[in-house]
Amino acid sequence: MQHDELTNEEIQPETSSTTENTTACNNAPTSDAKELQKDVQPAVTTTETMVDEEAVSAQDQSEELLPAEDTADAHQEIEEMPNYFEYSLPELVAALGALCVKEAVESCRAKIEEIRMVFYKKLNAEIEAKKAEFVKLGNAIEDFSYSSTEEHEFKTLYTKIKNFRAQHIEEENLVRENNLQKRLAIIEELKELVNKEESMQKTFDDFKKLQERWKEIGQIPQSETKNVWEQYHHQVGVFYDYVKINKELRDLDLKKNLEAKIELCEKAEALHLLIAKQKVVDAFKKLQKLHDLWREIGPVVEEKKAEVWQRFKNATTAINKAHQDYFSAIKQQETENYERKLTLCEKLEELIAQPKNSIKEWNATSQVVTEIQKQWKTIGFALQKYNAQIYERYCNACNSFFEAKRNAFAALREVEDENKQKKIDLCIQAEALKQRTDWKQATDEFVALQQAWKEIGYTTYKDNAKLWSRFRAACDEFFNARQAHFKEKDDEQITNYNRKQEILQQIINLEQKETAEETLTALNALQKEWLEIGLVPIKKKDKLNKEYNEAVQQKLQSLQLPPEQKQKFALKNTIQAIKQQPKSKQKFTDEIGKLRNKISSIQAEIVQLETNIEFFAKSKNADALREEVNKKIAAFKKDIDSLKQQIRMITEATKTDEAAN
């Protein structure tokens, strides 16, 4: 039977931009996958950067923007993620070592966690394989132990990375705390400005310098951000009210602020071009920077305040909506992807559950599974909360199928090897038989070999074709020789039939000689000639023998011969007729049995008659009766001699026949 060689068709991991970067198909804890999902999966809901002009303080510079979740980096990192599933354990250790640099720890966090997840899945798979091999060799599972140089190196590197992260967080916290103190110091200096006895111009210049210093300071702890900004805007407002800056200088400052905010509005409106080019995330990130700049700009003239704010707000709202729609579409697509993947998993599980009883069925199912794998690779991310789960389910189904296929093929190969050896044995037997000329017995044995061949199961296509050719060649050689032999016999039998027809006509036309003995001698000569002729076609044999026996009996009846002589000739003729029949030996045995039964019956009659004689009285009538009984006994004994003669003739004929064979 033809079948495909088993191939390693294990499911390969997905790492392209259109496929998920989640768990591998080897057994391993899912916590790593969940952590990875947490780091790299894009959020599908965002907080719109919405500014409420009415909620800010009286001074325009107090307008505050709420930060939105930045998801672009996550998408970018997923797109650039290498396919670490193709790496070996040493290569994964090397890849982690390349990222074990303090400056790269945070920027490459997703890659580091991906490497960690893949490493432990591959390591666990390797441990399970070693354990299975250990148990297969007859060892107890509790005695199994395994150590990996790569795991030790990996743990050392990962510990170093965690230390870098801890240092980074500590340093970041120190920087933020330092920035907080700097900002609080500026707020205190703003408070002191109103108490200085300096010229208005000098005081205003100091105020501007404080604003510039404020802008240069980086981020502060998130928990203090709102409070610090409120204090800052409050002190700015107090400063403006206190110094009572002259209207001309103030109007100039308000004008510059208005021009700066109008410029920000134009830039915000220009971001719509990026949205048109499907660069929504890029536009959203740029909008955040514009909002940071807006927050740093001071107040504008009162009559333009609402107008410029509404313009900036409208531009912000449009971009926020596009951003929200963008991630809503992603969520919708991920929902559809999840449903498609769920359907594929169900199909895989249904295929696994179906019984497969032959290599052909396994290969057909493998083709369907391969098609499902191709479909899977065309589907993108599923919903974040289901992505790792559905991928693990898919991997488990694929691995379960191919593991079952490997086991089935291994079992089938064992059966194939056994069947192959059985067919080799039949070929050897057939080749030993092919030269035999005892056609009947050899034919029966060949038929038995052919039946045994049919009952043997499948082997590989290559082996089966080769062995069948060998077996068929031996069979053909024997049966071709047999056919040639019997064709020659058929021609000979037709000749024999024609010769016997001629002898039959001679018997029928045999004329009476001067004496009966001469006629019998001539009949014996024809009978001898008849018997010396070989076999005739089997379909014509019975009819021909019947005609021959009838012709001989008619000739015997017409001869004036003693009954014993006729009987002897008839018996001889009967013996020769039996020889021509199938199972002649058994028929001779049956005939001898009948004759012996007759002898036993006659002997019983004789004993009974002899017993009766002893009871006859001595009288004239008794003597006459005794004489009659004695004649009867003498006749019975003569019959017994005749029957014994027939038995001897049959026995001799049987021995002669066996000697001839």
#### Entry: Net dipole in debye of the range 114-167 [+1 Lys, Arg Cβ; -1 Asp, Glu Cβ; about Cα centre; nearest 20]
340 debye
### Exceeding the 20 Å Cα-Cα cut-off - candidates 585/637; 347/374; 277/313; 555/587
585/637; 277/313; 555/587
### Surface share of carbon and sulfur [accessible, 1.4 angstrom probe, percent] for the range 349-456
51 percent
### Message
Order 319, 217 by their accessible area, 1.4 angstrom probe, all chains in place, largest first.
### Response
217, 319
### Query
What's the FRET efficiency of residue 501 with residue 587 using the Cβ-Cβ distance as r and R₀ = 35 Å, to the nearest 0.05?
0.85
### Task
Using a/c under 1.5 as the rounded threshold, could you call the range 321-444 rounded, prolate or oblate? The axes a ≥ b ≥ c are square roots of the C-alpha gyration tensor eigenvalues, and prolate needs a/b larger than b/c, oblate otherwise.
prolate
### Query
Toward the positive end of the charge dipole of the range 396-533, about the Cα centre and with charges on Cβ (Lys, Arg +1; Asp, Glu -1), which of 527, 421, 485 goes farthest?
421
### Simple Cβ-charge dipole of the range 167-305, Lys/Arg +1 and Asp/Glu -1, about Cα centre, in debye nearest 20
500 debye
### Query
Taking a ≥ b ≥ c as the square roots of the eigenvalues of the Cα gyration tensor of the range 194-335, is the shape rounded (a/c under 1.5), prolate (a/b larger than b/c) or oblate?
prolate
### Message
Using just the Cα positions, wrap the range 117-228 in a convex hull and report its mean projected area in square nanometres, one decimal place.
### Response
11.3 nm²
### Query
Of 209/285; 215/279; 256/321, which ones are farther than 32 Å apart at the Cα?
none
### Task
Can you pull the one-decimal nm distance between simple spin-label points at residue 468 and residue 205, each 7 Å off the Cα toward Cβ?
10.7 nm
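The values are calculated or read from the model by the stated rules, or taken from the named source; none is laboratory data. Everything quoted here is computed from the prediction, not taken from an experiment. Every residue, glycine among them, receives a Cβ derived from its backbone with ideal geometry; neighbour counts consider all protein chains shown. Accessible surface is based on the protein model in full, side chains and every heavy atom, while ligands, DNA and RNA are left aside. Shrake-Rupley method; radii C 1.70, N 1.55, O 1.52, S 1.80 Å.
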